[in-house]
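Inspection log for the structure reproduced underneath, given as structure tokens.
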Amino acid sequence: AVGGEWRRLSADITSDPMSVARAFRVGNTQPFYGRVTVKEGFAEVLVPLAKDESWAKNIDLNLAGRVTDYSTSGTVETWKAGLNYAVNDSIRFRATRSRDIRSPNINELFQVGQTLILGVEDGGARYSTNAITGGNPSLKPEKADTFTAGVVFTPSFLPRLSISVDYYDIKIKGAIATLGPQTVVDRCSQGQSDYCRFIVRGNDGRISSLVIAPVNFQQIVARGIDVEAAYRTPFLGGKLDLHALINYTAKLSIVGDDGQSIRFAGNTDQPLLDGVGGTPHWKVTSSATYSTDDYRLSLTGRYIGGGVISR
């Protein structure tokens, strides 16, 4: 399979005159216009390596590649290589290695932003200043290296039962996130001049305003195991469906460009940070559903494991 695509995404935001003049203490949504055009082409091939052998029911190799050109951030390549090995009707192995991306959205690129009042510590003094949220047209797509491997059981001695166990390992580089105002001030004072451009000072030398904009500065690491089990059987003139989904999060961490790591797996006290919050190691969702042609009864249970609260 081969294909191509061209698309254009645009945003045209309007606002009232008082907000444009930043007349309000907070808020002040600013008008902005942004547009991104995307050109991309892709190819995918499925290669049968074996079929109906004594040691393999079938083996398939899946290869795919995509080249995408963004008007804002240039060209990026993504790809995937997957192997599917069915030993027999009862057991199947699968594995995939891929390079994935997420491009910055319109707001992350072009948003002019709103006004916030936040406290900062600057030169030994602490005071409040205007913090203006905004976009960053220099953002690049996030890039992730993903590996998954698993096994699927469909035992012939117990028809309609399916159990899958999958391991995943995801590493995102250049993750888009927003630094807090104090971090921007600290890094500027430490000599990192790239962050000083986000700070505006008045004639008295104090910070009159600073821009809080997203940058590609984080790494996100996620690692764990998913287990899914499903079983259907006739029951009392109807059908009984049993289903369970189990997730074990072994690792979920964010690493900043300063090398400091924030652990989220097994920690329930971490505040929400750029879409990632503390999560327990274990989560289980299970359900039992009995259905006939006339009605359906369902029972659902969830288990959320405990975690460490650390302040």
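The values are calculated or read from the model by the stated rules, or taken from the named source; none is laboratory data. From a predicted model like this one, the values you see are computed outputs, not experimental measurements. Positions of Cβ are backbone-derived with ideal geometry, glycine not excepted, and every protein chain shown enters the neighbour counts. Just the protein is used for accessible areas: all its heavy atoms, side chains included, with ligands, DNA and RNA removed. Shrake-Rupley method; radii C 1.70, N 1.55, O 1.52, S 1.80 Å.
A few remarks follow.
- Only one of the numbered conditions (1) small (Gly, Ala, Ser); (2) part of a loop (DSSP other than H, G, I, E, B); (3) in contact (Cβ under 8 Å) with a residue 12 or more places away in the chain is violated by GLY191, and that is (3).
- When the test is whether a residue is in a loop (DSSP other than H, G, I, E, B), over 18 Å from LEU252 (Cα atoms) and of a type outside the set (Gly, Ala, Ser), ASN203 passes it.
- Residue pairs meeting the criteria (Cβ under 6 Å; at least 6 apart or on separate chains; first over 13 Å from VAL36 (Cβ atoms) and of a type outside the set (Ser, Thr, Tyr), in the stretch 101-121; second modelled with pLDDT of 90 or more and open to solvent by 40 Å² or more (accessible area, probe 1.4 Å)): ILE101/LYS143
- If you filter the stretch 102-139 down to residues that are among the polar types (S, T, N, Q) and exposed (fewer than 14 other Cβ atoms within 10 Å of the Cβ), you find that the one that is nearest to PHE42 (Cα to Cα) is SER138.
- Cross-chain or 6+ apart pairs with Cβ under 7 Å, the stretch 151-162 first and closer than 8 Å to ILE91 by Cβ and open to solvent by 70 Å² or more (accessible area, probe 1.4 Å), then among the hydrophobic types (A, V, I, L, M, F, W, C) and in a strand (DSSP E or B): PHE153/ILE91; PHE153/ILE163
- Looking only at residues in the stretch 50-101 that are outside any strand (DSSP E or B) and open to solvent by less than 40 Å² (accessible area, probe 1.4 Å), the one that is farthest from ASP226 (Cα to Cα) is SER73.
- Here LEU210 meets each of (1) over 20 Å from ILE101 (Cα atoms); (2) out of contact with any Pro (no Cβ under 9 Å at 6 or more places or on another chain); (3) open to solvent by less than 50 Å² (accessible area, probe 1.4 Å); (4) not in a loop (DSSP other than H, G, I, E, B) with one exception, condition (2).
- Among the conditions (1) of a type outside the set (Phe, Trp, Tyr); (2) part of a loop (DSSP other than H, G, I, E, B); (3) modelled with pLDDT of 95 or more, the only one that ARG22 does not satisfy is (3).
- Positions within the stretch 4-49 being among the small types (Gly, Ala, Ser), at negative phi and open to solvent by less than 70 Å² (accessible area, probe 1.4 Å), in sequence order: GLY4, ALA11, SER15, SER19, ALA23, GLY34, GLY41, ALA43
- Those strands (runs of 3 or more DSSP E) of the stretch 221-311 in which at least 2 residues are of a type in the set (Lys, Arg) and at pLDDT 90 or above, considering only elements entirely within it, cover 238-255, 296-304.
- Those residues of the stretch 121-163 which are modelled with pLDDT under 90 and within 19 Å of GLU228 (Cβ to Cβ), in sequence order: LEU158, PRO159
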